[in-house]
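Here the structure comes first, spelled out in structure tokens, and everything after it is commentary.
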Amino acid sequence: MTFLIKLLHLLPSETAHHLSLSLFQHFPLLAHLVKARKFNCSFDHPLFHNPVGLAAGFDKNAIALNFWDQIGFGAIEVGTVTLRPQMGNPKPRIWRMAPHSLQNAMGFPNQGAQVILSRIKNYRGKTPLGVNIGLNKDTPQAQAAEHYRQLYQMFSPYCQYMVVNISSPNTQGLRDLHQLCYLKEILQELQKTQLPTPLYFKISPDEDSNSLLPLLQTLKDHQVFGVIATNTTSQLSTIGGVSGQLLKPYSQKVWTQALAFCQEADFDLIACGGFSTHHDFYDYFEKGGQVLQVYTALTYHGFHVLSEAFKAYQLIEKKNLVAR
Ligand SMILES: Cc1cc2nc3c(=O)[nH]c(=O)nc-3n(C[C@H](O)[C@H](O)[C@H](O)COP(=O)(O)O)c2cc1C
């Protein structure tokens, strides 16, 4: 595995990504060679089957679902999906950064809702599926709420959870939707659907920390199930957003605040951002975190990362048993 990753790192980042994704798509049984150790702890979450999910953006078009299903993730998130297909920003748009980080300015390249929906309808795996939805580059602000509602209605019958992405730094104006006036408009429109499938909002690590609690409270007041904290940061680069080890302190600050809110309120947290080492996982579980997602660490360390997370979870479980 390490040798394979070293080879892939000789290629430009997006080429390496497409090559591995295409292998996963055409040879899903490869999962048996690389899959994580079995997760065999007691675990109780309404959606995830174990604590580690695949973050959005890795399989934007849902082409390798059968592979992901066999790897051992607790949930698979696809997308970001937009109503209409779009190319995204010109290449190059993903760069490796030291230490163990990525910078990306993808701009939601994806095959569009219809094509991706047809793939999702054919998915027969056991691993829960989440669909992350976003806006086309040219969607006017005034139509944002309606577009999110349409996407929610299309996908929600075919997945276990939905995610409204308001935090990608690569779509102009998207992050403005963190402002309560815009957010409430989207929430009211989404509530027209009665929200039959659990709904998360994916938030940015770059908002002023004073605005986080009102944001979480507003989401909760509108029957949102939880938050994914966080997307990439735009504090470390002039274009795009940074993920991986460099993102970790920014993301951790936000998920720590969100975790405290969730422990008081009936609201769920999926932490995301820079999780990679045994220590990262242990720290999160020890603080009471239950589920998280990974992306960048997979490109540097492979699926071994899941085993590290499972080991950390097991240690916390044992520690809690002894303490009782
Ligand atoms: C190349 C790339 C593309 C991404 N695309 C998306 C996306 O389409 N939608 C989304 O919500 N997040 C996207 N993300 C953000 C990840 O889902 C995740 O929130 C972020 O990378 C932090 O996690 P990590 O440090 O484990 O990578 C992308 C990240 C990368 C590196």
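Nearest 20 debye, what's the magnitude of the dipole of the chain about its Cα centre given +1 on Lys and Arg Cβ and -1 on Asp and Glu Cβ? Show your work: numbers first, answer last.
Values: 27 positive and 22 negative charges, 180 e Å.
Here the size comes out at about 860 debye.
What does the C-alpha gyration tensor say about the overall shape of the chain? Classify as rounded when a/c is under 1.5, otherwise prolate if a/b is larger than b/c, or oblate.
It is rounded, given that a/c, with a ≥ b ≥ c, falls under 1.5.
Applying 1/(1 + (r/R0)^6) with R0 = 56 Å to the Cβ-Cβ distance of ASP208 and LEU11, what FRET efficiency is obtained, to the nearest 0.05?
Details: r = 39 Å, r/R0 = 0.70.
Approximately 0.90, to the nearest 0.05.
Full extension from GLN314 to ALA265: what is 0.36 nm times the residue separation minus their Cα-Cα distance, to one decimal in nm?
Computed gain between GLN314 and ALA265 is 15.0 nm.
What FRET efficiency comes out for the pair LYS287/LYS38, r = Cβ-Cβ distance, R0 = 25 Å, nearest 0.05?
Working: r = 25 Å, r/R0 = 1.00.
E(calc), rounded to 0.05, equals 0.50.
Give me, ordered by chain and number, the residues 5 or more places off MET97 or on other chains with an amide H under 5 Å from its own placed amide H.
LEU102, GLN103
From the helices alone, meaning DSSP H stretches of at least four residues, give me the mean residue ellipticity at 222 nm for the chain, per-run term -39500 (n - 2.57), in deg cm²/dmol to the nearest 500. Provide the component values of the computation, followed by the final result.
On the way: 12 runs with 127 residues, N = 324.
Per the formula, -11500 deg cm²/dmol.
For GLU77, list long-range residues whose amide hydrogen, built 1.01 Å from N in the peptide plane, is under 5 Å from its own amide hydrogen.
Close amide H contacts, sequence-distant or interchain: LEU54, GLY130.
So what J values fall out for the stretch 274-279 if you push phi through Karplus, 6.51 cos²θ - 1.76 cosθ + 1.60 with θ = phi - 60°, rounded to Hz, Gly and Pro as x?
Calculated HN-Hα couplings, in order: x, 6, 8, 9, 3, 4 Hz.
Let me check I've understood the local charge: for PHE155, count other residues with C-beta under 13 angstrom from its C-beta, Lys and Arg +1, Asp and Glu -1. What total comes out? Mind dumping the intermediate values first?
Working: positive: ARG119, LYS121, ARG149; negative: GLU77.
For residues surrounding PHE155, the net value is +2.
Using the structure shown, select from LYS6/LYS287; LYS60/LYS248; LYS38/LYS126; LYS248/LYS287 the pairs with a Cα to Cα distance greater than 26 angstrom. Display every interim value, and only then the final one.
On the way: LYS6/LYS287 34 Å; LYS60/LYS248 23 Å; LYS38/LYS126 15 Å; LYS248/LYS287 16 Å.
Pairs exceeding the cut-off: LYS6/LYS287.
Pull out a ≥ b ≥ c, the square roots of the eigenvalues of the alpha-carbon gyration tensor of the stretch 38-117, then state rounded if a/c is under 1.5, prolate if not and a/b is larger than b/c, and oblate in the remaining case. All intermediate terms of the calculation are to be shown ahead of the outcome.
Details: a/c = 2.79, a/b = 1.46, b/c = 1.91.
Taking the square roots of the gyration eigenvalues as a ≥ b ≥ c, the stretch 38-117 is oblate.
Of the listed peptides 51-62, 232-243, 116-127, 80-91, what is their order by residue-averaged count of other C-beta atoms within 10 Å, with the highest listed first? Walk me through the numbers before you get to the answer.
Values: 51-62: 24.1, 232-243: 20.6, 116-127: 14.6, 80-91: 18.1.
My ranking of the peptides, most packed first, is 51-62, 232-243, 80-91, 116-127.
Suppose R0 equals 41 Å. What FRET efficiency, 1/(1 + (r/R0)^6) with r the Cβ-Cβ distance, do GLN25 and ASP176 give to the nearest 0.05? Before the final figure, lay out the partial values.
On the way: r = 35 Å, r/R0 = 0.86.
E between GLN25 and ASP176, to the nearest 0.05, is 0.70.
None of the figures in this text is laboratory data; all of them are computed from the coordinates on show. Fair warning: this is a prediction, and the values are worked out from it, not measured in the lab. Every residue, glycine as well, gets a Cβ built from its backbone with ideal geometry; the counts of neighbours run over all protein chains shown.
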